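What follows draws every value from the coordinates through simple rules; no lab data is involved. No experiment lies behind these values; they were computed from the predicted model shown. Positions of Cβ are generated from backbone atoms using ideal geometry, with glycine treated the same way; all protein chains shown enter the neighbour counts.
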Ligand SMILES: Cc1cc2nc3c(=O)[nH]c(=O)nc-3n(C[C@H](O)[C@H](O)[C@H](O)COP(=O)(O)O)c2cc1C
């Protein structure tokens, strides 16, 4: 059993490294803080979309907590804070900041830095996205949704992303951050700029920052 788990982990890490072969740096995230926060009903009461942000950076601990809340591993079997159909776990979260762009590796809870270029202008069409400190791009990997038709893949990636996005909304409400989920994104441009593979699909983006 142990050997089997070990083999699965090796295959996973090799496939992650292969899938994101242009990694220039691995950024270790601090342990996510999994206790505390605002009572759920207070967070629900504050949940809203915001489009005016200061340029204040989001610190690494908050990013760690945010990504874990969004789609981190919350059980020993690797399952996540957000559900996915058939446990496909098909989402990769691209993290776009002024200091560069990254892919969140949930299994190891770290950021794979892909570039030091500021690509925020491509993360969403609206002006506030271009100056806000951070935008997440939710990218579904259709290659992980084995045995499904493209219609089923479209349907489930569109539903699964909603859970991730709502986790981020509630996290932001709890932390005093603002956020707005975005359907208005140039998917072809994102595909080109963020060097997506043919099996990957841009579903939505979500911008975050401190309220103006
Ligand atoms: C799938 C989806 C796509 C959205 N796309 C955008 C968008 O591109 N730009 C934007 O400013 N707001 C976008 N929104 C936010 C909605 O406009 C917002 O949720 C709605 O106005 C209700 O406001 P509230 O979130 O504050 O309750 C989107 C929301 C959803 C659920």
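Descriptive notes on the structure:
- Angstrom value of the Kirkwood radius, inverse mean 1/r, which spans all Cα pairs in segment 113-212: 14.4
- Long-range tail of P(r) for segment 46-137 (Cα pairs > 16 Å, %): 59
- Part-to-part distance (alpha-carbon centres) for segment 137-212 and segment 53-116, which is given in Å: 12
- Contact order relative to length of the chain, as percent, for alpha carbon pairs under 8 angstrom and 6 or more apart: 26
- Viscosity 1.567 mPa s, temperature 4 °C, Stokes-Einstein D of segment 83-123 from Kirkwood C-alpha radius, µm²/s: 115
- Over the chain, volume per residue of the alpha carbon convex hull, in Å³: 126
- Length available on full extension from residue 187 to residue 86: 0.36 nm per residue minus the Cα-Cα distance, which gives 33.8 nm.
- Under a Gaussian network description of the chain, with springs only between Cα atoms under 10 Å, the residue in 161, 95, 27 that fluctuates furthest is 27.
- Model label zone, residue 212; criterion: amide N under 16 Å from point 7 Å along Cα-to-beta-carbon; scope segment 31-52: 49-52
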